[in-house]
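The values are calculated or read from the model by the stated rules, or taken from the named source; none is laboratory data. Bear in mind the structure is a predicted one, so any value in this text is a computation, not a measurement. With ideal geometry, Cβ positions are generated from the backbone for all residues, glycine too; neighbour counts draw on all protein chains shown.
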């Protein structure tokens, strides 16, 4: 029928669930084990399976086409026998019970949890955080662009000045020393030494050696832009993206620093200004390559909250502290 699905880890209500097989790319679950994991019970009347959150007989579910009913909704599913259990398609059964299925291909995790809608206050708070981040990002971008333009202008002026100095030195070296006239006038012979000396041309002044300007010190200067932390409440993950730029004039050493993620405290305590208190959710050492002058290095890190899609919604921020910027 199908093969087990070792490439993914399944969680139902934040607990590991192993009664899963893949059939044509679709996840199939043991109907009885899955319903128990959802905290549901059931009764059977003919081909109709009625789900309930109250105690029930929970008889064995047979294979074949059965109608699963929960409240006013129902879905028909075909069960297939495997290892003494009946396996049905996971997604429609989860949806019937008002559960969502969220898959994270990067982490290899599939979560089945109650669909959780954000309140208006939570949506507003998330929107304000996103607006603040966008403003900080724009300000940082403009500052970096200004610095890069100033650095470029400075280098161009220095190059132009050096070129003029070279041309001036070349003109001075090529100036001919005035030659002595071939024939001297007879009257000059009769002139007194003092008069003769006064009429002689002034010897040219040798140019002074060009003073070398001290070379500009070459050094790197790393700067981290604000970290963009995007939370996905459906699967409880936070994706952090950050760009590190070199605004210096020399290649940097390898990038190293510490990434810190903070979010609302689960305790629900409130600070003096009325906002929810925050706590550190996650820290990690970041290491990257050498960055050339004017270039940047971008990295992305994804972290999953232990509570899955029940993670607190609120002010979620991430920051990076570079260990060295030179």
**OP:** Taking residue 253 as the residue in question, decide whether it is modelled with pLDDT of 90 or more, out of contact with any helix residue (DSSP H, G or I) (no Cβ under 7 Å at 6 or more places or on another chain) and over 24 Å from residue 105 (Cα atoms).
**Re:** no
**OP:** Please go through segment 300-326 and pick out each residue that is farther than 18 Å from residue 233 by Cβ and in contact with a strand residue (DSSP E or B) (Cβ under 6 Å, 6 or more places away or on another chain).
**Re:** 300, 301, 319, 320, 321, 322, 323, 325
Subject >> Selected residue [touching a helix residue (DSSP H, G or I) at 6+ places or on another chain (Cβ under 9 Å) and modelled with pLDDT under 85] from 324, 294, 314 >> reply: 314
Subject >> Matching option when the condition is within 29 Å of residue 307 (Cα to Cα), loosely packed, with under 14 Cβ neighbours inside 10 Å, more than 44 Å from the chain's Cα centre (by Cα) and modelled with pLDDT under 95, among 54, 15 >> reply: 54
